[in-house]
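Working notes, structure below.
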Amino acid sequence: MKFVEAPAGIKFALGENVKQSNWGDEYTTRYPQSRLGVEQIMRDTFRRAIQYQDKWESWNKRKDGPAPRRNLELDAIVQILNGDR
(Lines give C-alpha, C1' and ligand atoms only; values in the text may rest on other atoms or scores of the structure.)
Protein backbone atom coordinates (compact mmCIF):
# COMPACT_ATOMS: atom_id res chain seq x y z
CA MET A 1 0.00 0.00 0.00
CA LYS A 2 1.34 3.43 -0.91
CA PHE A 3 0.81 6.70 0.95
CA VAL A 4 1.75 10.03 -0.59
CA GLU A 5 3.57 11.27 2.53
CA ALA A 6 5.33 7.98 3.30
CA PRO A 7 8.95 7.55 2.19
CA ALA A 8 9.77 4.62 -0.06
CA GLY A 9 11.05 1.58 1.78
CA ILE A 10 12.23 -1.96 1.29
CA LYS A 11 12.04 -5.23 3.26
CA PHE A 12 14.79 -7.83 3.48
CA ALA A 13 14.20 -11.33 4.84
CA LEU A 14 17.02 -13.62 5.96
CA GLY A 15 14.83 -15.76 8.17
CA GLU A 16 13.15 -17.76 5.43
CA ASN A 17 13.50 -21.53 5.42
CA VAL A 18 15.87 -21.76 2.47
CA LYS A 19 16.95 -25.31 3.27
CA GLN A 20 13.37 -26.63 2.94
CA SER A 21 14.50 -29.57 5.08
CA ASN A 22 10.93 -30.83 5.42
CA TRP A 23 10.45 -31.24 1.63
CA GLY A 24 12.31 -34.54 1.24
CA ASP A 25 15.46 -35.74 -0.48
CA GLU A 26 14.20 -35.30 -4.05
CA TYR A 27 13.96 -31.49 -3.65
CA THR A 28 17.63 -30.56 -3.22
CA THR A 29 18.23 -28.27 -6.23
CA ARG A 30 16.94 -25.08 -4.67
CA TYR A 31 19.40 -22.17 -4.68
CA PRO A 32 20.54 -20.90 -2.28
CA GLN A 33 20.82 -23.88 0.00
CA SER A 34 21.53 -21.87 3.19
CA ARG A 35 20.86 -18.55 4.89
CA LEU A 36 24.48 -17.61 4.20
CA GLY A 37 23.70 -18.19 0.54
CA VAL A 38 20.83 -15.71 0.80
CA GLU A 39 23.22 -13.19 2.36
CA GLN A 40 25.72 -13.76 -0.47
CA ILE A 41 23.02 -13.12 -3.07
CA MET A 42 22.22 -9.82 -1.34
CA ARG A 43 25.91 -8.85 -1.21
CA ASP A 44 26.29 -9.67 -4.91
CA THR A 45 23.23 -7.57 -5.73
CA PHE A 46 24.61 -4.58 -3.83
CA ARG A 47 27.93 -4.95 -5.67
CA ARG A 48 26.09 -5.08 -9.00
CA ALA A 49 24.16 -1.95 -7.99
CA ILE A 50 27.41 -0.09 -7.28
CA GLN A 51 28.77 -1.08 -10.69
CA TYR A 52 25.45 -0.11 -12.29
CA GLN A 53 25.54 3.31 -10.61
CA ASP A 54 29.15 3.81 -11.75
CA LYS A 55 28.18 3.02 -15.35
CA TRP A 56 25.35 5.56 -15.24
CA GLU A 57 27.54 8.24 -13.64
CA SER A 58 30.22 7.66 -16.26
CA TRP A 59 27.68 7.81 -19.09
CA ASN A 60 26.05 10.97 -17.69
CA LYS A 61 29.44 12.73 -17.68
CA ARG A 62 30.32 11.85 -21.28
CA LYS A 63 26.99 11.05 -22.99
CA ASP A 64 28.89 9.11 -25.65
CA GLY A 65 27.34 5.95 -27.07
CA PRO A 66 24.08 4.41 -25.95
CA ALA A 67 22.96 4.79 -22.35
CA PRO A 68 23.31 1.79 -20.04
CA ARG A 69 20.28 -0.44 -19.99
CA ARG A 70 17.81 0.57 -17.26
CA ASN A 71 17.35 -2.00 -14.48
CA LEU A 72 14.52 -1.19 -12.08
CA GLU A 73 15.72 -3.65 -9.43
CA LEU A 74 19.19 -2.11 -9.37
CA ASP A 75 17.66 1.41 -9.46
CA ALA A 76 15.93 0.59 -6.15
CA ILE A 77 19.16 -0.79 -4.64
CA VAL A 78 21.04 2.35 -5.75
CA GLN A 79 18.36 4.40 -3.97
CA ILE A 80 19.09 2.38 -0.80
CA LEU A 81 22.83 2.99 -1.18
CA ASN A 82 22.23 6.72 -1.60
CA GLY A 83 19.86 6.90 1.40
CA ASP A 84 16.86 7.80 -0.76
CA ARG A 85 14.91 4.62 0.03
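Structural remarks
- Residues that are under 21 Å from PHE12 (Cα atoms) and β-branched (Val, Ile, Thr), drawn from the range 26-85: VAL38, ILE41, THR45, ILE50, ILE77, VAL78, ILE80
- Selection over the range 51-72 of residues that are among the aliphatic types (A, V, I, L, M) and in contact with a helix residue (DSSP H, G or I) (Cβ under 8 Å, 6 or more places away or on another chain) gives a count of 1.
- Residues located in the range 36-50, provided they are of a type in the set (A, V, I, L, M), open to solvent by 60 Å² or more (accessible area, probe 1.4 Å) and farther than 14 Å from ASN71 by Cα: LEU36, ILE41
- Boolean, VAL18 is part of a loop (DSSP other than H, G, I, E, B), at pLDDT below 80 and of a type in the set (Val, Ile, Thr): yes
- Condition check for ALA67: among the aliphatic types (A, V, I, L, M), in a helix (DSSP H, G or I) and either out of contact with any Cys (no Cβ under 9 Å at 6 or more places or on another chain) or open to solvent by 80 Å² or more (accessible area, probe 1.4 Å) (or both): no
- Against the criterion of being modelled with pLDDT of 95 or more and either over 21 Å from the mean Cα position of the chain (by Cα) or part of a helix (DSSP H, G or I) (or both), TRP23 does not qualify.
The values are calculated or read from the model by the stated rules, or taken from the named source; none is laboratory data. Predicted model only: the values in this text are computed from it and were never measured. Here Cβ is always computed from backbone atoms with ideal geometry, including for glycine, and neighbour counts include all displayed protein chains. Please note that ligands, DNA and RNA were not included when accessible areas were found on the heavy atoms of the full protein model with its side chains. Shrake-Rupley method; radii C 1.70, N 1.55, O 1.52, S 1.80 Å.
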